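Notes follow the structure.
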Amino acid sequence: MKKKHLNRRQLWRIQKIQDDYAARAERKHDSADDEQTPDDLGPEEKGLVISHFGQQLDIEALEGKETGEIFRCHQRSNLEPLVTGDHVIWRRGTPTGVVIANLQRNSLLQRPNNFAELKPVAANIDNVIIVIAPEPQAHANLIDRYLVATENSQLRPLILLNKLDLLNADKHSGLQELLQRYSAINYATLMVSSKTGEGINELQEYLEGQTSIFVGQSGVGKSALINALLPGVNTLEGSLSKARGKGRHTTTSARLFHFPAGGDLIDSPGIREFGMWHMSPAEVFRGFIEFQAFTGLCKFRDCQHKQEPGCALKAAVDAGDIHAQRIQSYQQILQSLNE
Ligand SMILES: Nc1nc2c(ncn2[C@@H]2O[C@H](COP(=O)(O)OP(=O)(O)OP(=O)(O)O)[C@@H](O)[C@H]2O)c(=O)[nH]1
Ligand SMILES: [Mg+2]
Ligand SMILES: [Zn+2]
């Protein structure tokens, strides 16, 4: 390769560009860490993460005369990603405060994003409300994926059928059968309509005093349910299909709301898929609660529960103790771990 000789002016320009670049990076680092000098910041206090948007967080004050008010903050860059429901130590500032520490979490719901990275969704929750509806169509495998996640995080799931007003006995008999399948293995299920209010009181009783997150496909009515449970919060719900992609109010980040009588609800963005690649085959198996009674009963220790002779799960399906669709779902998730 021909050696390139740079003249003095060219060298000077390169040096200047590099210096500018370094200075910019330094400034960026400073602003992410401490926008203000420490003197501009208030004392350390406890707060609750209500929502987060990119680099910024909405923190609710848990102390002092402004308890309950929400302040925009950024977080110290050395902290791990914070999520809705996290308890933190923060300091007020103008225009933005700073979160300087996160307190220990009791629980954490995580899910992979579109870039195959595992992201925390919400912390310190008790219940995961898996919302399904006649429209958009419910997928058993997505429900099962949520159940695997909740079973492995010691969270309590509720399978909630919303849009009961749209339920047509003939057209949606499969959906009712689907719900019965889960109540048969002792999962809590409920049918409601955020539109007519049917079942909303019962749902409220189930949720009050605890922290619950609404999850599920986009358009099933998670935000509408929160509006129905907490009139006046107005979480901006979207309208289905017609306006899809055209200013539809699809939820883009998780947000926490308080019940006046105690307890919290978290609205979360809808998803299309729930990747499970971060889980081990053993964790997936543990996520199917009705399989547990048959652990170790197959003829072969390494039974894959496919076509092997003496498979206890296969026998349970034949005896009507396990639904064939659940085994299918299990196999489908296992298969996806290798993709
Ligand atoms: N008929 C009927 N429509 C409902 C009901 N609940 C919600 N909807 C409608 O369903 C659409 C979607 O509702 P959203 O609450 O925005 O759905 P979401 O689950 O929050 O969607 P994402 O934020 O995209 O995840 C809206 O047009 C609601 O009005 C219901 O009980 N019955
Ligand atoms: Mg929503
Ligand atoms: Zn087996």
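Results for (1) within 10 Å of ligand 3 (Cβ to nearest atom); (2) surrounded by 13 or more Cβ atoms within 10 Å (Cβ to Cβ); (3) more than 24 Å from Ile213 (Cα to Cα), shown as yes or no for each residue.
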site: Phe274; (1), (2), (3): no, yes, no
site: Phe288; (1), (2), (3): no, yes, no
site: Phe291; (1), (2), (3): yes, yes, yes
site: Phe294; (1), (2), (3): yes, yes, yes
site: Cys298; (1), (2), (3): yes, yes, yes
site: Asp302; (1), (2), (3): yes, no, yes
site: Pro309; (1), (2), (3): yes, no, yes
site: Ala316; (1), (2), (3): yes, yes, yes
message = Given the condition modelled with pLDDT under 95, within 13 Å of the chain's Cα centre (by Cα) and polar (S, T, N, Q), answer yes or no: does some residue in region 110-125 qualify?
response = yes
task = Name the residue, out of Gly245, Gly216, Gly263, that is under 22 Å from Ala138 (Cα atoms) and modelled with pLDDT of 90 or more.
result = Gly216
request  = Determine whether region 325-334 contains at least one residue that is surrounded by fewer than 11 Cβ atoms within 10 Å (Cβ to Cβ) and either among the hydrophobic types (A, V, I, L, M, F, W, C) or part of a loop (DSSP other than H, G, I, E, B) (or both).
outcome  = no
inquiry  = Given the criterion within 24 Å of the chain's Cα centre (by Cα), of a type in the set (Asp, Glu) and at pLDDT 95 or above, identify the matching residue among Glu205, Glu237, Glu198.
reply    = Glu205
key: Test set (1) hydrophobic (A, V, I, L, M, F, W, C); (2) under 21 Å from Leu256 (Cβ atoms); (3) assigned to a loop (DSSP other than H, G, I, E, B); (4) without any contact (Cβ under 8 Å) to a residue 40 or more places away in the chain - Ala101 fails condition number   = (3)
task = Give me the pairs, please: first residue somewhere in region 170-191 and in contact (Cβ under 8 Å) with a residue 60 or more places away in the chain, second residue anywhere and of a type in the set (Gly, Ala, Ser), beta-carbon distance under 9 Å, and either six or more positions apart or on two chains.
result = Arg181/Ala140
remark   = Per the filter on region 157-202, residues away from ligand 2 (no atom under 16 Å from the Cβ) and of a type in the set (Gly, Ala, Ser) are Ala169, Ser173, Gly174, Ser183, Ala184, Ala188, Ser193, Gly197, Gly199
inquiry  = Looking at Ala254 and the list (1) at pLDDT below 95; (2) surrounded by fewer than 21 Cβ atoms within 10 Å (Cβ to Cβ), which single condition is not satisfied?
reply    = (2)
Thr211 being more than 13 Å from ligand 2 (Cβ to nearest atom), over 17 Å from Asn127 (Cβ atoms), of a type in the set (Val, Ile, Thr) and at pLDDT 90 or above = no
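The values are calculated or read from the model by the stated rules, or taken from the named source; none is laboratory data. Since we're looking at a predicted model, the values are computed, not measured. Cβ: placed from backbone, ideal geometry, glycine included. Neighbour counts: every protein chain shown.
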